[in-house]
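The values are calculated or read from the model by the stated rules, or taken from the named source; none is laboratory data. Keep in mind that this is a model prediction, so the values were computed, not measured. Every residue, glycine among them, receives a Cβ derived from its backbone with ideal geometry; neighbour counts consider all protein chains shown.
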Amino acid sequence: DRDWLGIGYHFFIRKNGSIYRGRPEHFVGGHLLSEENNNTLGICLEGCYTDYVNEKGQVLTEKVVPQAQLDALVWLCLYCKSNWPANTINGHRDYDSAKKEGKDCPGKYFPWDKFWQMMNREENKKLIQTFVGFHNPQGVWNAIEKYHPYPDAWYQQWADSYKKALN
């Protein structure tokens, strides 16, 4: 439609968690309009997590983002943040051009609270790992998540103590 080569996104994540590369990261994306693409990386999720009407007039909906897809998105966002200076993570719906087109991607059923909780947990684990230097951090994470009643609070408290030590 728009004479593009390939897709407008830099990454595409299938429902099964498979991640595909689209445009090279150093190319400007085509996921937004004009200047809004500058200094952004576009990630597209398979599925439409909102109510929509198909060409037959049927109202369809996907209300659940598969866990494998959400896990892959968190991993990819952390990967991107570790390789490029990212100060924000936004949905397509947060940009003016998408708002004007009436887009609400990734959709009103996307679990933003769960996504941010997962991002925070993984960022805290990475910070703790950096300072403590566990040889097998997964064993520690498994024990905490199995036996601690509030593992996210534990990760946050431990990570905060290292952040304070840095200041």
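Restricted to strands (runs of 3 or more DSSP E) entirely inside segment 1-86, those with at least 2 residues that are in contact with a helix residue (DSSP H, G or I) (Cβ under 9 Å, 6 or more places away or on another chain) and at pLDDT 85 or above are 11-13, 43-45.
Considering the conditions (1) in contact (Cβ under 8 Å) with a residue 12 or more places away in the chain; (2) exposed (fewer than 15 other Cβ atoms within 10 Å of the Cβ), Lys125 is excluded by exactly one of them, (2). Here is a check on your reading of the model: is Lys99 in contact (Cβ under 8 Å) with a residue 24 or more places away in the chain and surrounded by fewer than 16 Cβ atoms within 10 Å (Cβ to Cβ)? Spelling it out, it is not the case that Lys99 is in contact (Cβ under 8 Å) with a residue 24 or more places away in the chain and surrounded by fewer than 16 Cβ atoms within 10 Å (Cβ to Cβ).
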